[in-house]
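Structure first, then comments.
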Amino acid sequence: MRPKQIILVRHGDYNGNDGHLSAQGAIDIKKLTENFLQKLIKNHSFAVHGSAADRAKESAEIIRDILHPTTFIIEDKLWSDAQHREDFEWLYSFIQSQTVDVLILVTHLEYVEY
């Protein structure tokens, strides 16, 4: 069984100097989770997987703390350096292997754009 829904979330706004979420970025992710994601996952099994980059990891942790997913994993291959064409094949296989109804991927612009 593959996920019925895949939700791609770009990390929240971050401090350019250190890569951590800004205060506004944390607020935005919390609002997104409470106002949108919570409705999408209602009555479904779901997992949250996030990139290892600080801004994405912190965004994923906010989502985790609000939604309490079945599975929560930080995945290095969801990291972004704009050179990830080769990772899309991995991502496809990864998605195919999931057994939850909804898969939430907290990642970067490259994954959301393609």
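For residue 68 and residue 17, the FRET efficiency from 1/(1 + (r/R0)^6), where r spans their Cβ atoms and R0 equals 30 Å, is about 0.40.
Hey, what number do you get for the chain at 222 nm if only DSSP H runs of n ≥ 4 count, each worth -39500 (n - 2.57), divided across all residues, to the nearest 500? Present the calculation step by step, with values, prior to reporting the outcome.
Values: 5 runs with 44 residues, N = 114.
-11000 deg cm²/dmol, from helical runs alone.
Computed from backbone phi, the HN-Hα couplings of region 74-79 come to 9, 10, 4, 5, 8, 5 Hz, rounded to whole numbers (Karplus: 6.51 cos²θ - 1.76 cosθ + 1.60, θ = phi - 60°; Gly and Pro given as x). Remark: region 41-51, residue by residue, has Karplus-estimated 3J(HN,Hα) of 9, 3, 6, 10, 6, 8, 10, 10, 10, x, 5 Hz, where x stands for each Gly or Pro and the curve is 6.51 cos²θ - 1.76 cosθ + 1.60 at θ = phi - 60°. Amide H to amide H, with H built 1.01 Å from N, residue 45 comes under 5 Å of 101, 102, counting only residues 5 or more places away or on other chains.
With one equal scatterer per alpha carbon and no solvent term, the Debye-computed log10 I(q)/I(0) for the chain at 0.23 1/Å reads -1.36.
Net charge dipole, region 9-97: roughly 440 debye, given to the nearest 20, about the Cα centre with Cβ charges of +1 for Lys and Arg and -1 for Asp and Glu. Taking trypsin sites (Lys or Arg not before Pro) across region 1-98, the ones in a DSSP loop with at most 12 further Cβ atoms lying within 10 angstrom of their Cβ are 4, 42, 85. Could you report the accessible area of residue 100 in Å², rounded to 10, computed with a 1.4 Å probe on the protein chains as they sit in the structure? Per-residue accessible area (residue 100): approximately 10 Å².
In this structure residue 70 has an accessible area near 100 Å², from a 1.4 Å probe over the protein heavy atoms. Close amide-amide hydrogen proximity is noted between residue 9 and 105, 106, 107, each under 5 Å apart and 5 or more residues distant or on a separate chain (H modeled in the peptide plane; Pro and chain starts excluded). Our estimate of slack between residue 40 and residue 6, defined as 0.36 nm per intervening residue step minus the Cα-Cα distance, is 11.2 nm. Electrostatic tally near residue 40: other residues with Cβ closer than 14 Å to its Cβ, Lys and Arg +1, Asp and Glu -1, net +1.
How do 101, 54, 18, 76 rank by accessible surface area computed with a 1.4 Å probe, from largest to smallest?
Values: 101 25, 54 60, 18 85, 76 110 Å².
Sorted descending by solvent-accessible area, the residues read 76, 18, 54, 101.
The values are calculated or read from the model by the stated rules, or taken from the named source; none is laboratory data. As the structure is a prediction and not an experimental result, all values here were calculated from the model. Virtual Cβ from ideal backbone geometry, glycine too; neighbours counted across all protein chains shown. Only protein heavy atoms, including side chains, enter the accessible area calculation; ligands, DNA and RNA are left aside. Shrake-Rupley method; radii C 1.70, N 1.55, O 1.52, S 1.80 Å.
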